[in-house]
1. Only one residue in ARG211, ARG243, ARG206 is basic (Lys, Arg), under 29 Å from LEU49 (Cβ atoms) and touching a residue at least 24 places away in the same chain (Cβ under 8 Å). Which one?
2. So in the range 159-179, with the set limited to residues that are surrounded by fewer than 19 Cβ atoms within 10 Å (Cβ to Cβ) and charged (D, E, K, R), which one is nearest to VAL9 (Cα to Cα)?
3. Looking for whichever is part of a helix (DSSP H, G or I) and touching a helix residue (DSSP H, G or I) at 6+ places or on another chain (Cβ under 9 Å) here; the options are LEU128, LEU111. Which one fits?
4. Test ALA5 against the stated conditions and say whether it is surrounded by 12 or more Cβ atoms within 10 Å (Cβ to Cβ), among the small types (Gly, Ala, Ser) and either in a strand (DSSP E or B) or at positive phi (or both).
5. Quick one: which of GLY199, GLY216, GLY194 is modelled with pLDDT of 85 or more and at positive phi?
6. Only one residue in LEU70, LEU50 is surrounded by 15 or more Cβ atoms within 10 Å (Cβ to Cβ), part of a helix (DSSP H, G or I), in contact with a Leu (Cβ under 8 Å, 6 or more places away or on another chain) and touching a residue at least 40 places away in the same chain (Cβ under 8 Å), so which one is that?
7. Out of the range 1-47, which residues are assigned by TED's automatic domain parsing to the domain that holds GLU187 and hydroxyl-bearing (Ser, Thr, Tyr)?
Amino acid sequence: MIRAALFDVGDTIFRVQGDAAAQRRAVLARLVARFGLRDWYEELLEADLLTELLRDDPDEPMRQRTLVVLEHWLGAKDPRIAGAHVDELRGIVAVPRAIGTEVAPGARETLERLRADGLRIVLVSNTLWTGDDELRADIGELGLGALIDGVVTSHSTGYRKPHPAIFERALALAGATGREALMVGDEPYQDVFGAQRAGMRGVWLRHPPPRPHPVGAPRAFDVRADAEIRSLAELPEVYERWRRTDRG
């Protein structure tokens, strides 16, 4: 019996739109308002902190310690910003997703359909700056708050998808076992492989090519999704098929 549905966020439930330059100007203005003029703001927004995160723990590249990596970066730029100020800075840079983001086509209707059938819905997102609280606020701003039972970010968890820890947190919030849940996402490595390793069915929301090589994935990586869809509007049909099979 399927009791829960987990969803990736970026390029799955939400998609980016709008003016990236305007969003950057808004972040810079927020930084200046809080910390004053500093000559490294632009450099920070350009920094490849994701690569640094993957190198942070060579034995477990999916471990995520955003604040540690950020504090190391700031140590060479501006040691005055340390401790609690580092997390405050992170929160300022975490632009609300409601800015420059829209709900993906078919997402609202699909979530409503699953919720009507009693499924619990949890969002599972790899994030650099955004934590659980910020993502939860974004969900409300975009009008999906009533449809989402929980959110799990890699920043707040300390591990990125496909690490089992982030899926275990999501399943715990959903009150379901892996066998009772499905996971939907656009990344075969992070979403499908990670979900299947946690005992779930993995649904690949397959966008048109070209697709970048998944972050952190081995070059020879390969996985077969339990189902493939081209839009979220196709998910209810997959769900109904599995529900009938499970009951049979």
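1. ARG206
2. GLU168
3. Going through LEU128, LEU111 in turn, the sole match is LEU111.
4. Considered against the rule, which asks whether it is surrounded by 12 or more Cβ atoms within 10 Å (Cβ to Cβ), among the small types (Gly, Ala, Ser) and either in a strand (DSSP E or B) or at positive phi (or both), ALA5 comes out as yes.
5. GLY199
6. Matching residue, one of LEU70, LEU50: LEU50.
7. Result: THR12, single match.
Residue by residue, here is whether (1) touching a Leu at 6+ places or on another chain (Cβ under 6 Å); (2) more than 30 Å from TRP40 (Cβ to Cβ); (3) touching a residue at least 24 places away in the same chain (Cβ under 8 Å); (4) of a type outside the set (Lys, Arg) holds:
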| site | (1), (2), (3), (4) |
| --- | --- |
| GLU88 | no, no, yes, yes |
| GLY91 | no, no, yes, yes |
| GLU102 | no, yes, yes, yes |
| PRO105 | no, yes, yes, yes |
| THR110 | yes, yes, yes, yes |
| VAL124 | yes, yes, yes, yes |
| THR130 | no, no, yes, yes |
| GLY140 | no, yes, no, yes |
| ALA146 | no, yes, no, yes |
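The values are calculated or read from the model by the stated rules, or taken from the named source; none is laboratory data. Here the structure is a predicted model, which means the values were calculated and not measured. Cβ sites come from the backbone with ideal geometry, for glycine too, and all protein chains shown count toward neighbours.
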